[in-house]
Amino acid sequence: MEETRKNPFFEPYDTPHETVPFDKIRIEDFEEAFMEGIRRDNEQIEKTINNPEKPTFENTIINSDDEPEGYYDLLERVSNVFFNMLSAETNDEMDALAQKMQPILTQHANDVRLNRRLFERIKAVHRTHRRLTTEEKRLLDNCYDGFVRSGALLDDEGKERLRQLSEEASMLSLQFSQNLLKETKAFTLHITDEQQLEGLPQTAIEAARLAAEERQLDGWVFTLDMPSYQPFMTYSTQRDLRQQMYMARNTLCLHDNAENNIDICKRLVNLRREIAQLLGFSTFADYVMKNRMATKVRNVYRLLDSLIFAYKPTAKREQAALENIFKRDSSWRKPKDGEKRHHLTADEKTMKPWDQAYYAHKLKLKKYDLDAEMLRPYFELSRVIDGVFGLANRLYGITFVENKDIPVYHSDVKAYEVFDRDGSYLAVFYADFHPRKGKQGGAWMTEFQGQWIDRKGVNVRPHVSVVMNLTKPTADKPALLTLGEVETFLHEFGHSLHGMFANSRFESLSGTNVWWDFVELPSQLMENFAIEKEFLRTFAFHYQTGEPLPDELIDRIVRSRNFMAATACLRQVSFGLLDMAYYTQKEPFDDDIMAFEKKAWAKARINPRKSNLNTCMTVQFSHIMAGGYAAGYYSYKWAEVLDADAFSVFKRRGIFNQKVAQRFRDCILSRGGTQHPMELYKAFRGKEPTIDALLKRNDIKRPSQRIPKSKLPAAPQQEAPTQ
């Protein structure tokens with residue numbers, strides 16, 4: 001008879017570095033662990049609020065004396081695993097369990113934050129605290145402010161309304177993500193006529209053949225996953241098929257079915273507006289800016305407007321060049337076999353969004369004789385991994401050693417032990433590289449365990465994960481990446497360094513637990529290395545011959561670094577404008593979303609009047625609807641100003657300069673959220689950043705007219721939250 005099985009979440013992890021025992025976890029373990037975690041939380045809260053002693057930092061904020069030997073936060077432990085899996089390796093059972101648990105977890109979070117007696121103790125500590133360290137003071141301020149921003153100062157009626165709003169918003173965010181994943185994975189373009197593959201590189205054809213075989217189909221299958229979608233849009237000569245792919249991608253969650261996200265988006269915008277107004281703010285964006293480097297909505301618009309002002313003239317020239325090459329190309333006008341020539345309409349003669357990538361590729365070939373497929377053979381995944389790890393070694397002295405004894409949640413995932421310069425254990429690093437059925441699109445960094453220092457002084461090291469959707473290997477070839485995919489890897493790896501170098505006393509202040517418009521600095525800084533000759537020479541070797549990437553190709557990469565850069569900048573700015581347009585609403589929102597979207601970002605678009613397609617980004621915009629970037633998408637451009645300014649130091653002192661890297665580690669990567677981010681940045685850079693380094697990097701000349709002031713706001717004086 002089988003022994004009574006124990007829930008692995010309830011036991012010490014008998015694994016290397018106490019990593020998650022994925023091989024032992026079953027779906028039924030999650031709910032049991034969630035409910036027990038909630039029970040333990042409630043038990044601890046009761047002990048805290050019934051403590052007869054005077055409230056102190058130690059007995060109210062951290063409760064360190066109550067932690068038994070081998071203590072861990074069960075609710076955090078199971079949540080980290082479950083919600084990471086929900087994004088990286090979900091299935092119908094997981095989705096159903098998420099629908100069941102989300103309202104329970106949100107209710108529990110509200111129960112904690114709206115607990116009057118608990119808040120009274122926290123308020124007492126906040127009012128009377130003495131002799132706290134800078135980090136302790138930061139934790140206390142965050143704790144108090146977190147309760148206030150969650151409704152602790154509201155009356156009973158307000159608290160009840162806040163509960164209703166936040167629980168509904170939580171469920172709708174989950175539904176938004178699940179709808180988008182289902183719609184994305186439901187679409188395939190199945191091709192059986194080999195002539196329709198014209199123009200596609202062999203790597204894309206082989207991947208499509210593999211995708212068809214996985215579905216037990218003949219021919220070739222293309223999907224909306226980026227490693228399939230992007231090459232198709234870039235290389236396919238079949239304009240009608242490019243249109244089909246584009247429209248499929250850009251009408252996700254618009255269809256008349258259960259996955260339509262239009263009403264969900266409207267409701268989320270209104271829920272967040274009402275939450276903010278209930279808490280005393282005019283708009284949700286005002287609520288968000290309270291804890292952002294930008295500090296005020298007008299500073300966000302100041303940045304976005306200054307970028308439009310500086311980049312739009314160049315973007316117009318870039319677009320005109322694409323239009324010219326489109327007009328000169330007659331290949332798509334020719335009738336296909338068996339078709340009669342017909343008079344082309346004005347609409348057919350107009351360049352469309354599904355032509356953008358195709359003609360940008362043609363223009364890049366013409367200007368630089370450079371094509372992404374030329375570079376793939378030099379970016380074989382295992383060598384790219386060696387290159388990225390080698391970069392971290394040259395900068396920071398850390399090393400990565402794969403450990404196959406560390407359990408993983410899918411065979412695609414690799415697990416590494418990370419060791420510091422002195423040989424001491426630093427972190428566990430998971431890398432999940434390729435798209436699959438149960439995985440969200442895009443790329444992200446997350447943690448299965450954060451870093452903190454326990455009551456005995458033991459530095460508990462983090463378990464960090466990066467999840468991507470890079471080109472898969474085929475039967476005949478290993479995974480060969482594009483330069484863009486190398487940049488994606490470097491971006492997420494930068495986030496992981498922020499997590500791995502964490503060295504804070506409190507987990508809620510460690511690693512990437514920083515203000516949202518600061519978190520992208522480490523990731524975007526690492527992207528700069530992708531086109532540096534010295535870096536490329538360390539790993540870019542032909543996967544068959546072993547020959548290094550020729551200097552001539554590297555020179556072309558460097559010369560082409562700013563190809564369509566202004567267009568790309570305005571695209572990001574337009575997303576930031578759309579985000580701010582939704583979350584600066586003061587009145588109930590019920591506009592036509594497609595019309596609202598086009599109006600919101602019009603000033604950042606080159607030809608806004610041509611945007612007459614029935615497409616919609618909002619219903620797919622996970623960042624601002626379900627990903628935590630609501631009123632925060634501007635952060636990418638904000639951090640780009642920071643990263644260009646920061647990398648200018650590496651460029652001046654040497655891209656592998658270990659003294660500069662160590663200062664970046666000491667001042668920023670290891671400090672997490674223990675100080676105001678502008679103070680951390682100034683400690684590294686010696687001064688506040690301006691837009692100048694970004695303009696120089698992108699070779700953008702300042703307009704002759706007066707450009708709007710573009711210096712980022714300084715760190716404000718620390719103020720106690722309003723009581």
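The values are calculated or read from the model by the stated rules, or taken from the named source; none is laboratory data. Only a predicted model underlies this, so the values are computations on that prediction, with no experimental measurement involved. Cβ sites come from the backbone with ideal geometry, for glycine too, and all protein chains shown count toward neighbours. What goes into the accessible areas is simple: the full protein's heavy atoms, side chains included, and nothing from ligands, DNA or RNA. Shrake-Rupley method; radii C 1.70, N 1.55, O 1.52, S 1.80 Å.
Residues of the range 42-65 with amide nitrogen under 14 Å from the 7 Å Cα-to-Cβ point of Asn7?
Correct set: 42.
So how much slack lies between Ile45 and Asp329, counting 0.36 nm per residue of separation and subtracting their Cα-Cα distance, in nm?
Values: separation 284, 0.36 × 284 = 102.24 nm, distance 6.97 nm.
Result: 95.3 nm gained on full extension.
In square angstrom, what is the accessible area per residue of the chain with a 1.4 angstrom probe?
Values: 32570 Å² over 723 residues.
For the chain, the per-residue accessible area is 45 Å².
Which whole-percent values make up P(r) of the range 1-145 when all C-alpha to C-alpha distances are grouped in 10 Å steps starting at zero?
For the range 1-145, the pair-distance distribution reads 9, 32, 31, 21, 6, 1, 0.
Just the projected area, averaged over all directions, of the convex hull on the alpha carbon atoms of the range 85-240: how many nm²? Numbers along the way, then the final one.
On the way: hull surface 59.0 nm².
Convex hull of Cα atoms, orientation-averaged projection: 14.8 nm².
Trypsin sites (Lys or Arg not before Pro), restricted to the range 564-649: which are DSSP loop and have at most 16 other Cβ atoms within 10 Å?
On the way: sites: Arg571, Lys586, Lys598, Lys599, Lys603, Arg605, Arg609, Lys610, Lys637; in loops: Lys586, Arg605.
Answer in residue order: Lys586.
In the neighborhood of Pro407, defined by Cβ-to-Cβ distances under 11 Å, what is the net charge if each Lys or Arg adds +1 and each Asp or Glu adds -1? Spell out each step's value before the answer.
Values: positive: Lys24, Lys404; negative: Asp14, Asp23, Asp405.
In short, -1.
I'd like to know which of His498, Met468, Phe429 lies farthest towards the positive end of the charge dipole of the chain, counting +1 on Cβ of Lys and Arg and -1 on Cβ of Asp and Glu.
His498
Could you tell me how many cubic angstrom of Cα convex hull volume the range 214-256 has per residue?
Working: hull volume 4.6 nm³, N = 43.
Considering the Cα atoms of the range 214-256, their hull volume per residue is 107 Å³.
Please give the net charge around Ala683, taking every other residue with its beta carbon less than 13 angstrom from that of Ala683, where Lys and Arg add +1 and Asp and Glu add -1. Before the final figure, lay out the partial values.
Values: positive: Arg663, Arg665, Arg671, Lys682, Arg685, Lys687; negative: Asp666, Glu679, Glu688.
Neighbour charge sum, excluding Ala683 itself: +3.
Just the number: Rg to Rh for the range 132-191, Cα atoms, Kirkwood Rh, two decimals.
Computed over Cα atoms, the ratio is 1.33.
Given the -39500 (n - 2.57) contribution per DSSP H run of 4+ residues, what per-residue ellipticity at 222 nm results for the chain, rounded to the nearest 500 deg cm²/dmol? Before the final figure, lay out the partial values.
Values: 26 runs with 356 residues, N = 723.
Computed mean residue ellipticity for the chain: -16000 deg cm²/dmol.
Of all accessible surface on the range 208-316 at a 1.4 Å probe, what whole percent is carbon and sulfur?
Details: 1990 of 4310 Å².
After summing per-atom areas, the C and S share lands at 46 percent.
Around Gly37, under 9 Å between beta carbons, what's the net of Lys plus Arg minus Asp minus Glu among the other residues? Intermediate values should be presented prior to the final figure.
Working: positive: Arg39, Arg40, Arg77; negative: Glu36, Asp41, Asp73, Glu76.
Around Gly37, the charge tally is -1.
Select from Tyr681, Gly199, Met171 the residue farthest towards the positive end of the dipole of the chain; place +1 on Cβ of Lys and Arg, -1 on Cβ of Asp and Glu, and compute about the Cα centre.
It is Tyr681, whose Cα lies furthest towards the positive end.
Compute the angle between helix 156-186 and the longest alpha-carbon principal axis of the chain, please, reported from 0 to 90 degrees and rounded to the nearest 10.
Between the helix axis and the principal axis of the chain, the angle is about 30 degrees.
For a distance above 27 Å, tell me the whole-number percent of Cα pairs in the range 447-577 that qualify. Mind dumping the intermediate values first?
Working: 3262 of 8515 pairs.
Cα-Cα pairs in the range 447-577 separated by more than 27 Å: 38 percent.
Kirkwood Rh and Cα-based Rg: tell me the resulting Rg over Rh for the range 166-230, rounded to two decimals. Working shown, then result.
Working: Rg = 16.0 Å, Rh = 13.4 Å.
On the Cα set of the range 166-230, Rg over Rh gives 1.19.
How far apart, in nanometres, would the label points at Thr345 and Arg239 be if each is projected 7 angstrom from Cα along the Cα-to-Cβ direction?
So the label points at Thr345 and Arg239 sit 1.3 nm apart.
Let's test the formula: R0 of 41 Å, r as the Cβ-Cβ distance of Gln544 and Lys367. What FRET efficiency results, to the nearest 0.05?
Numbers: r = 28 Å, r/R0 = 0.69.
Plugging the Cβ-Cβ distance into 1/(1 + (r/R0)^6) gives 0.90.
Could you state the angle between the C-alpha long axis of helix 239-250 and the longest principal axis of the C-alpha atoms of the chain, as a value from 0 to 90 degrees rounded to the nearest 10?
Helix 239-250 sits roughly 10 degrees off the main axis of the chain.
Round to a whole number: what % of the accessible area of the range 28-130 belongs to carbon and sulfur, probe 1.4 Å? Each step should come with its number before you reach the end.
Numbers: 2430 of 5220 Å².
Reported share for carbon and sulfur atoms: 47 percent.
Between Asn403 and Gln658, 0.36 nm times their residue separation minus their Cα-Cα distance comes to what? List each step's numbers first, then the result.
Values: separation 255, 0.36 × 255 = 91.80 nm, distance 2.73 nm.
Full extension from Asn403 to Gln658 adds 89.1 nm.
Among the lysines in the range 411-493, how many pairs, 8 or more places apart or on different chains, have alpha carbons under 19 Å apart? Mind dumping the intermediate values first?
Working: Lys414/Lys437; Lys414/Lys439; Lys414/Lys472; Lys437/Lys472; Lys439/Lys472.
Lysine pair count for the range 411-493: 5.
Please compute the length gained on full extension between Ala683 and Ala602, using 0.36 nm multiplied by the number of residues separating them and subtracting their Cα-Cα distance.
Details: separation 81, 0.36 × 81 = 29.16 nm, distance 3.85 nm.
Net length gain for the segment: 25.3 nm.
Tell me, what is the FRET efficiency for Asn291 and Asp386 to the nearest 0.05, using R0 = 45 angstrom and their Cβ-Cβ distance as r?
Values: r = 39 Å, r/R0 = 0.87.
Approximately 0.70, to the nearest 0.05.
For the chain, treating each Cα as an identical point scatterer without solvent, what Debye log10 I(q)/I(0) comes out at q = 0.05, 0.08 1/Å?
Summing over Cα pairs of the chain leads to -0.25, -0.67.
I need the fraction of alpha carbon pairs in the range 656-696 separated by more than 14 Å, rounded to a whole percent. Provide the component values of the computation, followed by the final result.
On the way: 425 of 820 pairs.
Tail of P(r) above 14 Å: 52 percent of Cα pairs.
What FRET efficiency comes out for Lys586 versus Lys651 if R0 is 56 angstrom and r is the Cβ-Cβ distance? Round to the nearest 0.05.
Details: r = 44 Å, r/R0 = 0.79.
Computed FRET efficiency for Lys586 and Lys651: 0.80.
Rounded to whole Å and sorted largest first, list the principal axis extents of the Cα atoms in the range 352-447.
Ordered largest first, the range 352-447 gives principal extents of 53, 35, 21 Å.
What is the magnitude of the charge dipole of the range 89-195 about its Cα centre, with +1 placed on the Cβ of each Lys and Arg, -1 on the Cβ of each Asp and Glu, and no other charges, expressed in debye to the nearest 20? Please report the intermediate quantities before stating the final value.
Working: 17 positive and 19 negative charges, 237 e Å.
Here the size comes out at about 1140 debye.
Select from Leu252, Leu132, Phe187 the residue farthest towards the positive end of the dipole of the range 130-261; place +1 on Cβ of Lys and Arg, -1 on Cβ of Asp and Glu, and compute about the Cα centre.
Leu132
On a 0 to 90° scale, report how tilted helix 74-88 is relative to the longest principal axis of the chain, with both axes built from alpha carbons and the result rounded to the nearest 10.
10
For the modelled label position 7 Å from the Cα of Asp92 along Cα-to-Cβ, which residues of the range 159-184 have backbone nitrogen atoms closer than 19 Å?
Under 19 Å, as judged by backbone N against the label point of Asp92, lie 175, 178-184 of the range 159-184.
With N set to the number of residues, divide the alpha-carbon radius of gyration of the range 183-334 by 2.2 N^0.38 Å and report two decimals. Let's see the in-between values first.
Numbers: Rg = 22.1 Å, N = 152, 2.2 N^0.38 = 14.8 Å.
Normalised Cα radius of gyration, the range 183-334: 1.49.
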